[in-house]
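Reviewing the structure listed below.
All of the numbers you see were taken from the coordinates with simple rules; none came from a lab. All of these numbers come straight from a predicted model, not from anything done at the bench. Methodologically, a virtual Cβ is constructed for each residue, glycine included, from the backbone with ideal geometry; neighbour enumeration extends over all protein chains shown.
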Amino acid sequence: MSPFARFLSVIIATIIVFQSAVVAPAINVALPVEPAAVLLRFIWPVFFSLIGILGLVGVVATRKQRAALLVNGATVLSMATCYFMVPVINAAMDQDNLGLWKALHILTVGLTFLCLILHLVYTFRWHKRA
C-alpha cells in the first residue's frame, strides 16, 4: 500500500473530524441562528465537494490497490450523495418539514461517519502491516 494512499486517508479523516467537531459547532455557538444557517448552507456543500474530490484523487491514484479503491470509491459516492441532498435538505427546512429534514440530515451524518470510519480503518490497517 502506498504512503500516498495512507496520507490521503489521514487528510480526509482529519477534515471530517475538524469540520464536524470544531467548525460546525463553533458556528452554531458563535453566531445567531440566521447568520449561522446562511454560513452552514454555504460550508456543507464545499465540505462534501472537498472530501469527494479528495476521494476521487484517491480512486485515480490507488486504482491498483483494492482496499484503497473501495474506501475512496465509497467516499466519492457518499459525498456525491450528500452534496446532491443539500438542496433537498435546505428546502425541507425552509418548508418546516422537520421530519424530512431530520431523516436526510441523519443520512448525511451517517454517510460522513461511514467515510470517517473507512478512512481510519484503512489508515491503521495499513500502518499495522508496515
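Against the main long axis of the alpha-carbon atoms of the chain, helix 3-18 sits at an angle near 20°.
Taking every alpha-carbon pair under 8 Å whose residues sit at least 6 apart, the chain reaches a relative contact order of 34 percent. The long axis of helix 33-61 is offset from the longest Cα principal axis of the chain by roughly 20 degrees.
Using the Cβ-Cβ distance between residue 11 and residue 88 with R0 = 35 Å, the FRET efficiency computed as 1/(1 + (r/R0)^6) comes to roughly 0.80. Cβ crowding within 10 Å ranks 83, 122 as 83, 122, fewest other Cβ atoms first.
Give me the net charge for the shell around residue 34: Cβ to Cβ below 13 angstrom, other residues only, Lys and Arg +1, Asp and Glu -1.
0
The modelled label-to-label distance between residue 100 and residue 77, using points 7 Å beyond Cα along the C-beta direction, is 2.6 nm. Using Rg and Dmax of the Cα atoms in Å as the read-out, say which of (1) 16.9, 50; (2) 15.9, 52; (3) 16.6, 54 was calculated from these coordinates. Computed from the coordinates, Rg and Dmax of the Cα atoms in Å corresponds to (2).
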